1. Just the projected area, averaged over all directions, of the convex hull on the alpha carbon atoms of the stretch A:185-353: how many nm²?
2. Taking the beta-carbon count within 10 Å as an exposure proxy, list B:226, A:236 from fewest neighbours to most.
3. Against the longest alpha carbon principal axis of chain B, how many degrees, from 0 to 90 and to the nearest 10, is the axis of helix B:212-221 turned?
4. Please name whichever of B:31, B:78, B:171 sits farthest to the positive end of the charge dipole of the protein assembly as shown, dipole taken about the Cα centre and charges placed at Cβ: Lys and Arg +1, Asp and Glu -1.
5. Once phi is turned into θ = phi - 60°, what whole-Hz ³J(HN,Hα) does the Karplus curve with 6.51, -1.76 and 1.60 give for every residue of the stretch B:58-70, x standing for Gly and Pro?
6. What are the principal axis extents of the Cα atoms in chain A, in Å, biggest first?
7. Shortest first and in nm to one decimal, what separations exist between residue B:322 and its copies in the other chains, measuring from label points 7 Å along the Cα-to-beta-carbon line?
8. For a distance above 21 Å, tell me the whole-number percent of Cα pairs in the stretch A:69-163 that qualify.
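Quick note: the coordinates plus some simple rules give every number you see, no bench work behind them. In this text, all values refer to a predicted model and were calculated from it rather than measured experimentally. Please note: Cβ atoms are built from the backbone with ideal geometry, for glycine as well, and neighbour counts cover all protein chains shown.
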There are 2 protein chains.
Amino acid sequence: MSAVVATAAIARAGDAAVGAAPDIEDAKPRADIVLLGVGTVGRAVLTRLSALADVADLRLRALANTRTRLQSADAIDPVAAIERLRDGEAADLQRSIAVLGAQDAVPRVVVDATASADVAACHALWLRQGLHVVTANKLAIGGVAANERAVRAAARAGATVYGDSATVGAGLPLLRSVRALRAGGDRILSLAGVVSGSLGWLFATFDGTRPFSACLREAHARGFTEPDARADLSGEDMRRKLLILVRAAGFALEPDDVTVESLVPEALRDRAAAPTDADWERCDEPLQRRLDSARRHGRVLRPVIRFDDHGRARAGLETLDRDDPLAQSRGCDNRVAIRSTRYATRPLLIEGPGAGAEVTAAALLDDVLSIAASAPKHRSA
Amino acid sequence: MSAVVATAAIARAGDAAVGAAPDIEDAKPRADIVLLGVGTVGRAVLTRLSALADVADLRLRALANTRTRLQSADAIDPVAAIERLRDGEAADLQRSIAVLGAQDAVPRVVVDATASADVAACHALWLRQGLHVVTANKLAIGGVAANERAVRAAARAGATVYGDSATVGAGLPLLRSVRALRAGGDRILSLAGVVSGSLGWLFATFDGTRPFSACLREAHARGFTEPDARADLSGEDMRRKLLILVRAAGFALEPDDVTVESLVPEALRDRAAAPTDADWERCDEPLQRRLDSARRHGRVLRPVIRFDDHGRARAGLETLDRDDPLAQSRGCDNRVAIRSTRYATRPLLIEGPGAGAEVTAAALLDDVLSIAASAPKHRSA
């Protein structure tokens, strides 16, 4: 019987899809895109862009990395783009952006899949110029509050959208839920979570059967950490995500308002070169001691961010009871507990893969699609 | 130092709130509302409505239960409304609605906080007439697919919004997340969850230390079950929620496509009168046997809905491993795992209070506020 049900259900699902579609065919969402950055996330964006051809008319007009650029008056085939970029012209950020021109009819979107401070520094300018910006790069809104305010002001001035879904939780409904609660008149009372995929994986894996540095080596080999693992272990990534979440919750904290615990040994902090595997062995003994101590009390170590509406904010390694909701995160999953006036007693908990090129690329394109989908209304206004 | 941080953070939070506000004062979201139903949810709507006065200009124009109605050309004070309703005129659904008139400038919203089939049968009509409908009542979209389609078609024809956030999970970001994934080009692969607050509480509480009927009596006394507990134990509430979620996922299932396990003993099913406490003791032995059997295998009993993209859909009591993500729901919390092409390996998990008058009322008013907030754009179009 289930096969019959399945066939009938899928046939009807087809009807439903037709019913849900816009009335006119050319209402398929459209946008022109410049993609900056062709690392693992940028490549995943190109793959997904090609898969979205049936859903939306998203035209890749330019593609650039730090060395070269590729641009076109028409759409660039996303599948062939990486190959073609090798023979591209010399990189020039403003020229890559300029290809978008000023066609008011189609929304123009800059997708920032870099980790570049130089690119982040341009976000506000582009927003003010009428270009939407969609970003996985946390530097513009995860640093000092003035920069975040400048981005928001520029988006208002340019009547443009700043798509930041990919900056925390790789598009898990975290920022969206915090904002929806506020829009519904709620006040955010506290936020707590595991928001670092790399540290989450490391401390879910570090169980004492092998040294911490061995876990780190594996995380690195699997691509879970940055090339220089100090970016993860310093806690700076957690600080930025905390600031982005807290600002979405309506609190304008500064970076210094967040107490951050760095796991990078003093001796490695100021070195120009990335630490070697052997360097990281300095972490083994102190972290083993912390793990042993936690275990003696039946507890676990987890990398946690916390904020409450008294302005207290911290990011660091915590010793949690095994029953603590945040202790239960696994693998690279993010897990965030949101308390608001509505969820004052028991929090809203959101968990899922919050790191990785595919989900980050999907989050970036969610924001692009949302901009594209709202564009026809702007046209008719 | 943390006190200093707190003060500074809160001062800045004030700035942020100002910055986030619309540019002109009269852009405060507005809507005219008729509230149907003044049970626990309806009363909670009135309380929250009065608390939202600073956030939005939501004017209560009429209030009705099955016996009486109260209406006004101006706004009715939500705090005094229940008292005044006692002396209201005789109930008349269409007259209560008619008070909204046809002012195009302000969105007009019917809030359905009843469980009435008669009210649900009017949803499509109202939507077609230009009235937005916001509902906790699942009967219009949780029954046969044709009714759901009629509601969606009417909303398209009337250019109105059907706010259904309160129908599943009392506004937890479930429907919203499923729709956001689809809008991002994802296909929903499966849904599984504990979506019944009453059954969730019952089976988290039923641990063998006392008979099931005693747990049921406590659930009833705490207001977790319907006056006639058959509404919960029959699984019909789970069937409706499953259908609503599955339709949001793009599959047009019919009620008969869902295999539902009823926990109501055969002898009680067709009785006109609600079963007594003594009647429910018939459940004790069979459920104790199931609990004992589950425990012998180190497992737990949970009320679960499941759907996959082959069209298989079921709602009923399951025996789950203690490590199963769905086994970990507590109290009245809902807990739903969503797999999509993006979250194919590890699901997106959403957990939180998914039942109760306060969160349901908040979910209803979220939808009202969202309609009110988008209205200025409609005006200028």
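1. Its average projected convex-hull area is 10.2 nm².
2. Starting with the residue having the fewest Cβ neighbours, the order is B:226, A:236.
3. Rounded to the nearest ten degrees, it is 20.
4. Farthest towards the positive end: B:31.
5. Karplus-based 3J(HN,Hα) across the stretch B:58-70 equals 9, 9, 7, 9, 7, 9, 8, 10, 5, 9, 10, 9, 9 Hz.
6. Computed over the Cα atoms, the extents are 65, 58, 46 Å.
7. The answer, with the shortest distance listed first, is 0.8 nm.
8. Cα-Cα pairs of the stretch A:69-163 separated by over 21 Å account for 35 percent.
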